[in-house]
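Okay, so here's the structure we're looking at.
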Amino acid sequence: MTPNARYAAAIEIFERILGGEPAEKTLTNWARSNRYAGSKDRAAVRDIVFDCLRQKRSLMHNAGFEGARGLVAGHVLAAGQAVGDVFTGERFAAAVLSDAEQNALEQRKETAPDAVRLDVPDWIAPKLRASLGDDFEASLSALQTRAPLDLRVNTGKASLVQVQAALAKGEIDTNTVDKVPNALRVTCNPRRVALSEAYQNGLVEIQDAGSQAVVDALPMAKRAGAKVQVLQVDPVLKGKTYDLVLLDVPCSGTGAWRRNPDGKWRFQAADLQALLTVQAEILATTQTLVAPHGVLAYVTCSLLQVENEDQVAAFLTNYNGWQLIESKRFNPS
């Protein structure tokens, strides 16, 4: 596929997404229906689609017109290209700009509101600003870009230096991650990781550095290679207690919008209210599983205070005998 054909494919895909289809399903169906597209073409189209999802509002604003064509036109502009050089009407390329589209493109754009400029829904922007404070701009700017690929080194099999050397043989470059001792961040050729010997031999697993930092913060955390006992019966029903209970609760996923940008535009205020109820119920139910002097760890991938600090504060108010030992927030910035 030519670069222009890839953009045309992205427009076709986005017309379905904007019509309500989930992004992943739409991409999969497009790939199955267009067998001529090679792996590089599919990866390139996917990158365009996910870039557009992360920056849907700002790209349309910069193009001056909406819809799938406006969104992709905004992506072309962001890439430093002329829209007319991509929307050529030639075979496999997008149709030429209409007069209305051309006029909208040429008009001077007003400064966009923060929610548009930073690509978040209007209803959630004030909540994010209140939750992030001075980090509001930096964190939302980070969510407009692709997430890095982080790896967790299995130190039971190799050291960080040894793993870096093994990955480098496959031309996969990595850096260490500050304050996350067993993490490596891929800086070159991330798509080669899954086929690398290091990955195939279990020297690394793919895991976000933030998630690794959460595990590092837990007391009694065990390294890879430890025996794991999978319980066949719900421990709540068995009445047993544990020294450490980790709650990875359902949440808005606002902190993971780089990896799931489609979810950013589908999430609604009513969804948040339902989640807050579920989170509170999970805390209330599972606190009975913690042994005396044990630890209850509550984790989300949300940036919203109502899902994090507020939930913990409400729990401490409602249940006696608990105290907050530590609270950490890992923002995208």
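Being farther than 16 Å from Phe92 by Cα, free of Cβ contacts under 8 Å to residues at least 40 places away in the same chain and crowded, with 23+ Cβ neighbours inside 10 Å is a description that applies to Gly74. Checked against (1) touching a residue at least 12 places away in the same chain (Cβ under 8 Å); (2) under 19 Å from Thr241 (Cα atoms); (3) open to solvent by 80 Å² or more (accessible area, probe 1.4 Å); (4) not in a helix (DSSP H, G or I), Asn320 meets all criteria but (1). Val290 falls short of the stated requirement of being in contact (Cβ under 8 Å) with a residue 60 or more places away in the chain and touching a strand residue (DSSP E or B) at 6+ places or on another chain (Cβ under 7 Å).
Comparison of Ala94, Ala79, Ala44, Ala100 shows that the only residue that is touching a residue at least 24 places away in the same chain (Cβ under 8 Å) and under 26 Å from the mean Cα position of the chain (by Cα) is Ala44. Please enumerate the residues belonging to the range 77-114 that are open to solvent by 50 Å² or more (accessible area, probe 1.4 Å), among the hydrophobic types (A, V, I, L, M, F, W, C) and in a helix (DSSP H, G or I). Hits for the range 77-114 are Leu77, Ala78, Ala100.
On inspection, Leu296 passes the criterion of being surrounded by 12 or more Cβ atoms within 10 Å (Cβ to Cβ) and under 28 Å from the mean Cα position of the chain (by Cα).
Scanning the range 55-71 for residues that are within 21 Å of the chain's Cα centre (by Cα) and open to solvent by less than 20 Å² (accessible area, probe 1.4 Å) turns up Ser58, Leu59, Leu71.
Conditions tested, residue by residue: (1) closer than 30 Å to Glu24 by Cα; (2) open to solvent by 20 Å² or more (accessible area, probe 1.4 Å).
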{"residue": "Lys264", "(1), (2)": "yes, no"}
{"residue": "Ala274", "(1), (2)": "yes, yes"}
{"residue": "Val278", "(1), (2)": "yes, yes"}
{"residue": "Asn308", "(1), (2)": "yes, yes"}
{"residue": "Ala313", "(1), (2)": "no, yes"}
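The set of residues in the range 264-288 that are at pLDDT 95 or above and not hydrophobic (A, V, I, L, M, F, W, C) comprises Lys264, Arg266, Gln268, Asp271, Gln273, Thr277, Gln279, Glu281. Within the range 30-54, being under 19 Å from Ala94 (Cβ atoms) and open to solvent by 60 Å² or more (accessible area, probe 1.4 Å) holds for Ser33, Tyr36, Arg42, Arg46.
Pick from the range 191-219 the residues that are assigned to a strand (DSSP E or B) and either without any contact (Cβ under 8 Å) to a residue 24 or more places away in the chain or open to solvent by 50 Å² or more (accessible area, probe 1.4 Å) (or both): which of them is nearest to Pro148 (Cα to Cα)?
Our first condition is that a residue be assigned to a strand (DSSP E or B); within the range 191-219, this holds for 204-206.
Retained after the next criterion (residues that are either without any contact (Cβ under 8 Å) to a residue 24 or more places away in the chain or open to solvent by 50 Å² or more (accessible area, probe 1.4 Å) (or both)): 205-206.
Values: Glu205: 14, Ile206: 11 Å.
Within the range 191-219, the match that is nearest to Pro148 (Cα to Cα) is Ile206.
Given the options Lys222, Lys240, name the one that is among the basic types (Lys, Arg), modelled with pLDDT under 95 and more than 30 Å from Ala147 (Cα to Cα).
Numbers: Lys222 fails: more than 30 Å from Ala147 (Cα to Cα).
The unique qualifying residue is Lys240.
Every residue in the range 13-29 that is open to solvent by 40 Å² or more (accessible area, probe 1.4 Å), more than 20 Å from the chain's Cα centre (by Cα) and in contact (Cβ under 8 Å) with a residue 24 or more places away in the chain, please. Listed by number, the list holds a single entry, Glu15.
The values are calculated or read from the model by the stated rules, or taken from the named source; none is laboratory data. This one's a predicted model, so the numbers in the text were calculated from it and none came from an experiment. Quick reminder, even Gly has a Cβ in these numbers, built from the backbone with ideal geometry, and neighbours come from all protein chains shown. Side chains included, ligands, DNA and RNA excluded: accessible areas come from the protein's heavy atoms. Shrake-Rupley method; radii C 1.70, N 1.55, O 1.52, S 1.80 Å.
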